[in-house]
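J.: Sharing a structure, written as structure tokens. Questions coming.
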Amino acid sequence: MQLPGLYFPYVHVRDDEWLKVAALYWPSVRRLVPSGYSKHDSPTARIFADAKLLLDEDPGPLLDSVGWDLTEVLSHNVGRLRRDYSIKRAIATYSGQSWAEGAAGSEIPALGWIHATKFPPRVVNLLSESGLAQRGRIVTPSGDPGEPEEWIGLHPALAGAYMTALAGRLSIGGAFQPLTDQADLRVATPSSDVRAALSLLIGGKRPEADQGSAGVETYILLALQQARPKNLENIPAEKIVQIRQDLDGELNSFRIYVSSMRAELSDLATIPDERRRLESFAYHVQQTIERPLRELEKGLRLHRMEPTRSLLLTSSFAPPAVIGGALGAGGAPPAAAAAAGVATAIGGAWWQVSSIRAQAKADSPVGYLLDVRDHLTPKTLASKARKILTGTYGRR
């Protein structure tokens, strides 16, 4: 069974195109929303929320159930964390930049701000006493929900590492898969600063389940690049919702295919060198997605053309008896009857071919991606066949 995604590091998804792609695969995308938090979602996010594809999770109960004793790990590494990720270091290094959950802007723009409900008990005290956290914003940014004291400011790299670690821990405990639209925080390929801070926060190696999720996320987002059109920003969110409904069976088959590679994807995610890791993922996608997709498209092109070509080369088009009788009774001219016969034959060929294509896609592990592409891009032969049947072919 495919796990729902857990979005981080923010409450609000920052990239609508990323959300559309994520909605094409994961059963739902959850996000950590404190109780009583006032959201200001984009129109795209609201549509997915209404369709139950974007759901809220209260971080408090999730943290209580995980039992993550972060204080012990922090205590062992507080000296190294203070040296590289203190509040003073953040102000000196990131002056004028901001990483924040809420709207941009605060008294210290160099800090990354995280809602207090996303910290286990005792952790905020330890971070503050160690010079690693700033309690509350003196000035709450315009439109940013919550009181100033509900926010905790950290060094941006430490904030990114903490949200990465938190998403990983909550995903293991709550059966989620961590997802992010922020390239420098992506679990499989975090930036060097975030990766170093992450190692200090969690005591070294990430849990195996977290590494497996990282591999699946990277693979899926690369694979779906083969299906998404260039103008995805112009595709209505409602269409994505409809595709999910229309292709539910095909999507399930594709998920089973991806699950069969989970162990291999987990191994790829553990490759320490970032460039080598990305090359390995790209090669794996090429072998398991791009190549089978090209072969499937090639076979479908042959299936699409040959039956129609055969009909066009036939010397006569004998329309079905009912159609022929109706034309004869109405005294239709022979030329009109012949044209109707051609249209009927081509139409019959199209639906025959359509059945062959549907079966070929269903038999392919990457057929879902081709179906998605077909649904998101303008139809060609299908629309022509329909126009021939309705007598509107060639009209604007």
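J.: Is it the case that some residue within the stretch 109-132 is at pLDDT 90 or above, more than 25 Å from the chain's Cα centre (by Cα) and among the charged types (D, E, K, R)?
T.: yes
J.: Go through (1) surrounded by fewer than 24 Cβ atoms within 10 Å (Cβ to Cβ); (2) modelled with pLDDT under 90 one by one and return the number of the condition Ala167 breaks.
T.: Condition (1) is where Ala167 drops out.
J.: Any residue that is among the basic types (Lys, Arg), over 30 Å from Ala196 (Cα atoms), free of Cβ contacts under 8 Å to residues at least 12 places away in the same chain and assigned to a helix (DSSP H, G or I) - is there at least one of those in the stretch 273-291?
T.: Checked the stretch 273-291: at least one residue is among the basic types (Lys, Arg), over 30 Å from Ala196 (Cα atoms), free of Cβ contacts under 8 Å to residues at least 12 places away in the same chain and assigned to a helix (DSSP H, G or I).
J.: Just give me the residues in the stretch 67-108 being surrounded by fewer than 15 Cβ atoms within 10 Å (Cβ to Cβ), farther than 28 Å from Gly173 by Cβ, among the charged types (D, E, K, R) and at pLDDT 85 or above, in sequence order.
T.: Arg83, Lys88
J.: Output the residues belonging to the stretch 214-235 that are in contact (Cβ under 8 Å) with a residue 12 or more places away in the chain and farther than 22 Å from Glu290 by Cα.
T.: Hits for the stretch 214-235 are Glu233, Ile235.
The values are calculated or read from the model by the stated rules, or taken from the named source; none is laboratory data. Worth saying up front: this structure is predicted, and the values here are computed from it rather than measured. Positions of Cβ are backbone-derived with ideal geometry, glycine not excepted, and every protein chain shown enters the neighbour counts.
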